[in-house]
Structure formats: structure tokens, C-alpha cells
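Below is one structure; the comments refer to it alone.
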Amino acid sequence: MVRPLSELHVAVLMGGLSSEREVSLSSGKGCADALEGQVARVSRVDAGRDLAQVLAELKPDVVLNALHGEWGEDGCVQGILETLAIPYTHSGVLASALTMDKDKTKSILKAAGVAVPGGGLFDRHEVARRHVIPPPYIIKPNAEGSSVGVYLVPEGANGPQAEVGSDAWTYGDLVMVEPYIPGRELAVAVIGEATGPRALTVTDITPVKGFYDYEAKYAPGGSIHRLPADIPARVFEAALRESERAHAALGCRGVSRSDFRYDDVKDVLVLLEVNTQPGMTPTSLVPEQAAHLGMSYHDLVRWMVEDASCPR
């Protein structure tokens, strides 16, 4: 930004319309609280369908986008901000749309030489009727985040996950089915600097129970984070470099987070997905990694605002 931070009016977008609304409210509150006293004015905006009108009336200098999931993270809100010509944080329209589509993300990452899981897209009713790939496998919506709607079908399961075919399923008719990769859940935060994307460190995540689902991610005490991860040095370095390669290949801006599985028996590292609007809650991985490297939560949020731009 050209103007000093202390002179800026920053609108923090939070809440929104997706299934990740509650997480976004927590992220947005944290970011807005951190900006109080650092900028001239903070407007907390619970983003709805009238967002364009609200922002046109507020006239902020910068928008900090703390939305998660559909509409706020998939390029739609980014398109509004581009139309209004308001500098904003995180990724632009194209990168946001691509990374919310898990199938398209995998295609781009494969072309960039990044290892990804097998599997593919299937009709949810077919997935509910039979095993489309041998168990164990993971079923997840093609365009959701925060492990919303994710199921693990274990080895030896008599049948697939019937809930995927029910009328209560609201995550689209095509679902991603991937082989379950045993081992460790790893995450790497990336900051997009002028000299190129910079991976921070690697976190090893152990859910207290089950697998790394929505509750394990956001409930206090739902998972144990170990950073830096205690994994072989070459795997640690590979996770850093693969995260940077993914950030660049997808055209991400600002902060992103790459999620991996590492099978420490077969020595296989695969990148599951890239998140362009990573959480900023009290249990979130990105601020935790930044703090580990000496960047406070306040510093991280300030950097996001200073990095904002339009077009993105």
C-alpha cells in the first residue's frame, strides 16, 4: 500500500454464506481485533448478498477477506472486489476459483510436478451404492473446505457411505473419492513475497480421536500440533518446496496453506489440497507457524493488509 497503515480504513469480511460461516466469524474477529489501533478505522462486515452495496457505501481503502468456503473463497467475492477496484488480501479471482475445485487443482498440480493422490470425481449416488475404489478411501465434496462433508470408508467396510446419497447432502452431485493415505497429516503455510512464495515451516497434526475432520481442526484440544514436524529432513524440505511450487502454479497471492499426507512406512508424500483463505482462529495453523518463526498474530495481519492490491 502507498499510504501509511495508520491512515487506512480497513473492512474485514467475515461470516458469509457458506457452511464455514462460524469459523469465518472467528477468523474475522481475530483479524479485526488485531487491526484495532494499527489502522485509522476498522469496519467489521458480515458479508451477505448485498456486499457490493455495503462496500460501495463504506468506501474502505482495503478489504481483508476473512471469509471461508463457497462464495467468499471461490472467486465470487474476489470478483466483486475487482469490480469495485478495492485493494484486497489473499488470492485473486482465478486462483481462488481453481483451488476451491479439488479436481482442477489436482490437474494443475500434477502438471507442475507435484505429487497428488489418485482417485477422481464420481456421482454421489453411485458412491453411495458401491465401492467405486477399493477401501480404505476418503469421500469429500469437490468444492468445500475445513473437512466439511468428509468421510473415511475404512478397510473391510461392508458398504460405502450412504449419507452421500441422501437428500440431506448439499455439497453437489459430484464428489471426490481418493485412496486413504495412512501416516501423518502435515501442513505448510506459504507467504507470497515479492521475491516469490516462501514456505514457513511444517506442522505435524495428530487428531485426538478419529481423523482430521472439522471438529479436530477447530474444537479446542481437537488435535495436537507439533512444529517443526519431526520427520526426515528431506521430507521436511520436500514439503516446503512442494508448497511453494503449488502456490506459484495456482497463481496464489498473499497467504496460502498446503495440506499433505505422509506415509512414513512407504515413504510417500502427497499434497491433498491448497487453501487460499486459511483460518485465522485461535487453533489455526498459519498464525501458529508465523509465531513459531517470530511473526506475531498482529504482525501477520498487518502484513496481509500491506500486501493487499487490486487487480490481484
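Scan the stretch 267-285 residue by residue and report those that are within 18 Å of Asp230 (Cα to Cα) and either at pLDDT below 95 or assigned to a helix (DSSP H, G or I) (or both). Correct list: Leu285 only.
Let's see how each residue does on (1) crowded, with 18+ Cβ neighbours inside 10 Å; (2) touching an Asp or Glu at 6+ places or on another chain (Cβ under 6 Å); (3) under 23 Å from Tyr180 (Cα atoms):
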site: Ala246; (1), (2), (3): yes, no, yes
site: Tyr262; (1), (2), (3): yes, no, yes
site: Val268; (1), (2), (3): no, no, yes
site: Asn275; (1), (2), (3): yes, no, yes
site: Met295; (1), (2), (3): no, no, no
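Based on this model, can you work out whether Gly165 counts as exposed (fewer than 15 other Cβ atoms within 10 Å of the Cβ) and modelled with pLDDT under 95?
Numbers: exposed (fewer than 15 other Cβ atoms within 10 Å of the Cβ): no; modelled with pLDDT under 95: yes.
Criteria not met by Gly165.
Just so you know, in the stretch 251-260 the residues that are surrounded by 23 or more Cβ atoms within 10 Å (Cβ to Cβ) and not polar (S, T, N, Q) include one that is nearest to Arg184 (Cα to Cα), and it is Phe260.
Which fully enclosed strands (runs of 3 or more DSSP E) of the stretch 157-209 have 3 or more residues being under 24 Å from Arg234 (Cβ atoms) and touching a residue at least 24 places away in the same chain (Cβ under 8 Å)?
Values: elements: 174-179, 184-193, 196-207.
Passing ranges, in order: 184-193, 196-207.
Do we find that Gly120 is touching a residue at least 12 places away in the same chain (Cβ under 8 Å), closer than 29 Å to Asp230 by Cα and surrounded by fewer than 20 Cβ atoms within 10 Å (Cβ to Cβ) in this structure? Break it down stepwise before answering.
On the way: touching a residue at least 12 places away in the same chain (Cβ under 8 Å): yes; closer than 29 Å to Asp230 by Cα: no; surrounded by fewer than 20 Cβ atoms within 10 Å (Cβ to Cβ): yes.
For Gly120, the condition - touching a residue at least 12 places away in the same chain (Cβ under 8 Å), closer than 29 Å to Asp230 by Cα and surrounded by fewer than 20 Cβ atoms within 10 Å (Cβ to Cβ) - is not met.
The values are calculated or read from the model by the stated rules, or taken from the named source; none is laboratory data. Computed from a predicted model, the values in this text were never measured in an experiment. Every residue, glycine among them, receives a Cβ derived from its backbone with ideal geometry; neighbour counts consider all protein chains shown.
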